[in-house]
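A short worksheet on the structure shown next.
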Amino acid sequence: MLDSDESVFLVSPDPHPHSAELSSISGISMSPSRQNLHHSLHSTMALPKTSYSVLSAFCTEENISQCIAYINQEVCSLGLTGVSLESKSGSLSAVPVLNLLYEVLQLQRRAQRALHELETQQLKNGSDLEHLQHSNCRLKDQLEHTRRDNSGLHEGERQLQLKIKTLQNWLKSEKEEVQKLQSIISSRATQYNHDTKRKERECTKLKERLNQLLMDKRDKKLSIEISNHVGRSDGKRGLWKTGKMEARHEGEMYKALLSDYETRQRSLMMENSELKKVLQHMKKDMITILSPKKPEPANDSLEQAVSECEEEIGDPSRETLEQSCEQAREQLTNSIRLQWRKLKSHMERLDSQASLVASQEREGEEMMSRKEHEEEMQRMRMELQQCKEFIHMQQQLLQQQLSSPCDEETAALLNDCYTLEEKERLKEEWRLFNEQKRNFERERKNFTEAAIRLGHERKAFEEDRAAWLKTQFLNMTPFVDRKRSALSDSALSVGTEPEAKLQSTPPLVTKSLFSTPKAASVKMPSTADLYRTLHLIPDSRGHGKCQSGEMSTKSRLRNCSTDCSVLSFVRDENSPI
Amino acid sequence: MNFSEVFKQSNQLCKVSPDGKYLATCVQYRLVVRDFNSLQIAHLYTCLDPVMHMEWSSDSLFILCAMYKRGLVQVWSLEQPDWHCKIDEGSIGLVSSRWSPDGRHVLNTTEFNLRVTVWSLCTKAVSYIKYPKACQKGVDFTADGRYMALAERRECKDYISVFVCDDWHLLRHFESETQDLAGLEWSPNCCVLAVWDNCLEYKLLLYSLDGRLLSSYSAYEWSLGIKSVAWSPSSQFLAVGSYDEKVRILNHITWKKITEFEHPATIINTKAVVFKEVEKRPVVGSEDLSIHQLTVDNSLFSTQSKYEITQLPAQVPVIKPDPDRANPKIGISALAFSADNRFLATKNDNMPQSLWVWDMQRLSLLAVLEQTAPVRCFVWDPRRPRLALCTGNTKVYLWSPAGCVSVNVPVEGSFQVLSLFWHCSGSSLVLLSKEHICLLKYILYNVSLSCHLIGILFRRHAVFL
């Protein structure tokens, strides 16, 4: 391979002997291990920086073929067998080179991407590893801890078990002790019982003996000294003890017992009758309660039986309660029981009905009911509020009434006082009102005066304007020159002549003035018309010869042009005055 | 209210005659009979020896004085002061002497309970009843005085004999189903005899007059049993107090338990009122300290006390009984119904300072009186529902449904009331100290009602209301 390279070198048409360079390249080519892709990639990455240095230029004019061969070899080694460079008569066709370059670039990019991914992967892996190590550490700690706990618990359990064992032993021994003690107690008890019996017997024997001795000795001291006999407390004489007496005692005893039983029976009878009364009452109540249900068809046989029974027993003519025989009692209890059962079933039915109704309501008209409910609530609240207010008012009134003394005279007096006070207040108010009225009137007067003044001023202004218009008109007309003297006269007269004269003159002027251009109305033009006219006729047309007074008016008018509506409005307002 | 003068007495021997006219006291050898109202001496008798026991006959005509040491009984007549009777039991000795209900016979129990000797004052006749049992209450007469029940012990078995008191005819003699009979008591209507076993076994038996066993009741086993029994005056209830600190009420029809009253250390029953006695030293320098009072030095230095109503729940002071000693201080030792059957007063031995009053209509606790000292004695007024009690200090306490009062006994020297009893009219109280008696007269019912008097010091002879 090297030989071929060498040959290529030699064959190359214009060899630029950079042998050292070449050898270095070849050396490079040989030295990197092909497996070490990573390293090679690095080298390729570093390549662009160095490739443009003059000394390390890879390809020169001389070693093109060698380079090509080398490249081909390298490309082969890289596995890009499809593309190889072929030098055709020394010149390299661009297409395969470019293809190759493209392939290599692709490869390089791929490699870079892979590298990138691998790097991130590595980073990730590193962090994962760290994390895992951490968790591992922690888990180890935990494990250790748990183990310790476990051992502790085990120890505790062991101890407890030991304790239990000892306690059980203890209990057993205690039980044995108890048993022993019990047996001892029982044996002692029997012994003591026996002893006491023996002692008692001895005692009685001794007592007998003592008695005997006392009797035998004829105790002299045993005696009763009594000055004279005492009569019996009941005043009767003592009777001899005979069989008859015995029988009498028995009889008396039984009599006493009998009387006691009789009294007891009587009291019981009384109680019984009371209870019976209560029972009767209850029964009646029950019947009255249950009777309206009778027309309803009985659902079950029991019901029927009950109603029958009830009819039978509920008959007031049959005073079963008064019969004290066994049968009657049985009947009574039976009827009561049946009625009770009926009542119970009735109650149950009522309960179920109530629940049913409630559920239906809940299902069907929940929304409706809620709305109604709310409305009702609202209404109730309102009512409540009203009531509260009412109560409050009443309370106030009551308090007022209470606070005032109750006797009539003072009340009347107070009432008078109140009316007087009221009057006073009214008077005061009246006075105030009058004052206000007066004030108002004064103001009104002022106002009217002001309005009149305003009217005068307006009139003056109108006259002014009319005069001015006249002059303007006269100026515009072709017979300006002719009339000039007259106009100047009149204009002069504005400043000099008295008002009366001024008032008389304008109508004449305006008449003549407006009749000519429009040839329409003989009337005075309205202010709006005037303004329109003013607008239509620009100011520039005004003459320099105009008097200063006229100029000022004009400028004023122009300034106020925007206020015309206001002015007109004010005028309209003022017109009635 | 009026305190009488103080009279001497010995051995707590002071009795009012059943008719209420006389008051008999014994001072050593002498028997003094006074008119109850005037307290003037009506009769004076001298006995042969210091009197140990004294008793009025039921008709208030005779007084029996027993001198146990010499085995002698002397009987004195009020109608005939010079009439005398002396009964000598001889060498056998005497432990107890009592009247028969007719007031014409004296029943003497000899030493060792060898026999009961019945002496007749009418005929001088003597009868013996053998084998009487020595127990808490071995003899009882019916209220009408016709029958006597006697507990006997023969052949290690308990027997009950019922005698007709008229002629001491043995009416019935039957074995009782008790291990060791402790007591018997007739019902007030004279038809039922309640018999109870001793404290080792809770057993109550009810016998008819003719000896039939009507019923038997046992509340529990294996524990100390009955300590006290009391009939209600109407015979409707039988109250049984026991060592378990409970009172059980039996009815007279089925003889079953109606209810039981517990005596808890903490009273939480909101319907009950707990009256607590509070002692107060009199404030020196107050207006009470007048010259008149200075002479009565006792009242100056004695403490005043009044009742305060304690807020519920209230704690009742309890003492722990010594378990090693016989007759432990625990359980209901005393029970008493008021004359109108409406109230029941009980005393629990391990709460010695408290007296419990129960309402028998509602069958519930009504009041608890918590005293500063242990209750010594309590007695119902024989006419009205009011209760008098004493605690061994210088005060008498009265309870009625309306409230409680404490009354100081204003006598010279200290008069420590150890015991008391009512006059049969219910208007007077007789107070007994160790060696003296004092009468508290004209106790209007309203006085005990009016709680204004709480803590007021009653001066001697001062009449209130």
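A few notes on this one:
- Verdict on residue A:201 being surrounded by 11 or more Cβ atoms within 10 Å (Cβ to Cβ), part of a helix (DSSP H, G or I), facing chain B (nearest Cβ under 8 Å) and at pLDDT 80 or above: yes
- Matching residues in the range B:13-38 - criterion: being in a loop (DSSP other than H, G, I, E, B) and out of contact with any Leu (no Cβ under 7 Å at 6 or more places or on another chain): B:13, B:17, B:18, B:19, B:20, B:21, B:28, B:29, B:37, B:38
- The residue of the range B:49-92 that is nearest to residue B:120 (Cα to Cα), among those that are touching a Lys or Arg at 6+ places or on another chain (Cβ under 9 Å) and among the small types (Gly, Ala, Ser), is B:57.
- Considering the range B:305-356, and only residues there that are hydroxyl-bearing (Ser, Thr, Tyr) and more than 15 Å from residue B:244 (Cβ to Cβ), the residue that is nearest to the chain's Cα centre (by Cα) turns out to be B:338.
- Just one of the listed residues (A:206, A:210, A:214, A:181) is modelled with pLDDT under 80 and either at the interface with chain B (Cβ under 9 Å from one of its Cβ atoms) or exposed (fewer than 13 other Cβ atoms within 10 Å of the Cβ) (or both), and it is A:214.
- Residues being assigned to a strand (DSSP E or B), among the β-branched types (Val, Ile, Thr) and within 11 Å of chain A (Cβ to nearest Cβ) - total across the range B:119-150: 1
- All positions within the range B:39-53 that are in a strand (DSSP E or B) and open to solvent by less than 70 Å² (accessible area, probe 1.4 Å): B:42, B:43, B:45, B:53
- Screening B:77, B:91, B:4 for residues that are among the small types (Gly, Ala, Ser) and touching a residue at least 60 places away in the same chain (Cβ under 8 Å) leaves exactly one candidate, B:4.
- Every residue from the range B:96-116 that is open to solvent by less than 20 Å² (accessible area, probe 1.4 Å), out of contact with any Leu (no Cβ under 7 Å at 6 or more places or on another chain) and within 9 Å of chain A (Cβ to nearest Cβ): B:115
- Residue list for the range B:151-164, filter: crowded, with 21+ Cβ neighbours inside 10 Å and within 13 Å of another protein chain (Cβ to nearest Cβ): B:152, B:158, B:162, B:163
- Matching residues in the range B:165-195 - criterion: being away from every other protein chain (no Cβ under 12 Å) and open to solvent by 30 Å² or more (accessible area, probe 1.4 Å): B:173, B:175, B:177, B:185
- Complete set of residues in the range B:127-150 that are of a type outside the set (Asp, Glu) and open to solvent by 60 Å² or more (accessible area, probe 1.4 Å): B:128, B:130, B:131, B:134, B:136, B:137, B:143, B:146
- Some residue of the range B:83-95 being part of a loop (DSSP other than H, G, I, E, B), surrounded by fewer than 20 Cβ atoms within 10 Å (Cβ to Cβ) and either over 24 Å from the mean Cα position of the chain (by Cα) or within 11 Å of chain A (Cβ to nearest Cβ) (or both): yes
- Annotation note: of B:256, B:280, the sole residue that is within 22 Å of residue B:186 (Cα to Cα) and either free of Cβ contacts under 8 Å to residues at least 40 places away in the same chain or basic (Lys, Arg) (or both) is B:256.
- Residues of the range B:409-443 that are farther than 23 Å from residue B:20 by Cβ, open to solvent by less than 10 Å² (accessible area, probe 1.4 Å) and not hydrophobic (A, V, I, L, M, F, W, C): B:410 alone.
- The range B:202-228, residues that are open to solvent by 10 Å² or more (accessible area, probe 1.4 Å), touching a Ser or Thr at 6+ places or on another chain (Cβ under 8 Å) and not in a strand (DSSP E or B): B:203, B:219, B:224
- Flag for residue B:355 being surrounded by 19 or more Cβ atoms within 10 Å (Cβ to Cβ), under 23 Å from residue B:240 (Cβ atoms) and out of contact with any His (no Cβ under 9 Å at 6 or more places or on another chain): yes
- Taking the criterion of being within 18 Å of residue B:60 (Cβ to Cβ) and modelled with pLDDT under 90, the only residue of the range B:86-102 that qualifies is B:102.
- Test result for residue B:68, surrounded by fewer than 21 Cβ atoms within 10 Å (Cβ to Cβ) and more than 9 Å from chain A (Cβ to nearest Cβ): yes
- Residue, modelled with the lowest pLDDT, within the range B:382-404, restricted to residues that are in contact with a Leu (Cβ under 7 Å, 6 or more places away or on another chain) and assigned to a loop (DSSP other than H, G, I, E, B): B:402
The values are calculated or read from the model by the stated rules, or taken from the named source; none is laboratory data. Just so you know, these numbers come straight off a predicted model, no measurement behind them. Virtual Cβ from ideal backbone geometry, glycine too; neighbours counted across all protein chains shown. Accessible surface areas use protein heavy atoms only, side chains included; no ligands, DNA or RNA. Shrake-Rupley method; radii C 1.70, N 1.55, O 1.52, S 1.80 Å.
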